[in-house]
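Remarks on the structure that follows.
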Amino acid sequence: MEFWGNNLMAGQNKDPYANQGDSRDTPARQRLVALREALLRLHKSLLEMERREYEKQHGKVTAGELFRLVVDDAQFAWLHNISEFVVRIDENLESDKGVSEEDSSGSMLLARKMFAPTESGDNFQKRYYDAIQRDPTVVMEHAELARLFGSEPREAENQ
């Protein structure tokens, strides 16, 4: 761990998923990093919510058991959409070509559609709607996403 930390401090092996503190930090990249961070916080809140629900019925689970549940259990399957979205963002952020305005706007637009909680949407949107009704932490994380969407340029909505 210390070796990794020393390399980061020396400017080597920077986290490709964070802002870099240099000319690579275009506004498009900064927005994509902010979206990634908000999705990771939301995913963690949703995962904890599902864990609490699971433990009410089945008893406490260890971290290893939780990992197995997240991968294999139907109760957690709907969260895979968020994981896959973050992986796509990660691939974009670590790309040598950099993050374009189109990349950033496209991801924001897709996230805005995906994280539109509704009782009549697709399975993910319905589950997300239910989560917002049940968990105040999820509400707070959703509000952060809405703030990000609100700061996005209006022309991105028309693409």
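The values are calculated or read from the model by the stated rules, or taken from the named source; none is laboratory data. What you see is a predicted model; the values in this text were computed from it and never measured. Cβ placement follows ideal geometry from the backbone for every residue including glycine, while neighbour counts extend to all protein chains displayed.
Key figures for this structure:
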quantity	calculated
Where Glu91 falls short, out of the listed (1) assigned to a helix (DSSP H, G or I); (2) surrounded by 11 or more Cβ atoms within 10 Å (Cβ to Cβ); (3) not aliphatic (A, V, I, L, M)	(2)
Residue within the stretch 83-100 that is of a type in the set (Ser, Thr, Tyr) and over 16 Å from the mean Cα position of the chain (by Cα) present	yes
Residue, nearest to Gln20 (Cα to Cα), within the stretch 108-128, restricted to residues that are outside any loop (DSSP other than H, G, I, E, B) and of a type outside the set (A, V, I, L, M, F, W, C)	Arg112
Yes/no for Arg127 being basic (Lys, Arg) and within 15 Å of the chain's Cα centre (by Cα)	no
Glu141 vs. criteria within 13 Å of the chain's Cα centre (by Cα), within 20 Å of Lys44 (Cα to Cα), surrounded by 14 or more Cβ atoms within 10 Å (Cβ to Cβ) and at pLDDT 95 or above	yes
Single condition Leu46 does not satisfy, out of (1) loosely packed, with under 12 Cβ neighbours inside 10 Å; (2) at pLDDT 95 or above; (3) of a type outside the set (Lys, Arg)	(1)
The listed residue being more than 24 Å from Asn19 (Cα to Cα), of a type in the set (A, V, I, L, M, F, W, C) and surrounded by fewer than 16 Cβ atoms within 10 Å (Cβ to Cβ), out of Val61, Val70	Val61
Residues satisfying the stated conditions in the stretch 108-141, i.e. among the polar types (S, T, N, Q) and out of contact with any helix residue (DSSP H, G or I) (no Cβ under 6 Å at 6 or more places or on another chain)	Ser120, Asn123, Gln125, Gln133
Some residue of the stretch 107-121 being in contact (Cβ under 8 Å) with a residue 60 or more places away in the chain and of a type in the set (Val, Ile, Thr)	no
Criterion: in contact with a helix residue (DSSP H, G or I) (Cβ under 6 Å, 6 or more places away or on another chain), assigned to a helix (DSSP H, G or I) and of a type in the set (Ser, Thr, Tyr) - qualifying residue of Ser83, Ser105	Ser105
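Residue-by-condition table, conditions (1) more than 16 Å from Leu32 (Cα to Cα); (2) modelled with pLDDT of 95 or more:
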site: Leu42; (1), (2): no, yes
site: Val61; (1), (2): yes, yes
site: Arg88; (1), (2): no, yes
site: Asp103; (1), (2): no, no
site: Thr118; (1), (2): yes, no
site: Ile132; (1), (2): yes, yes
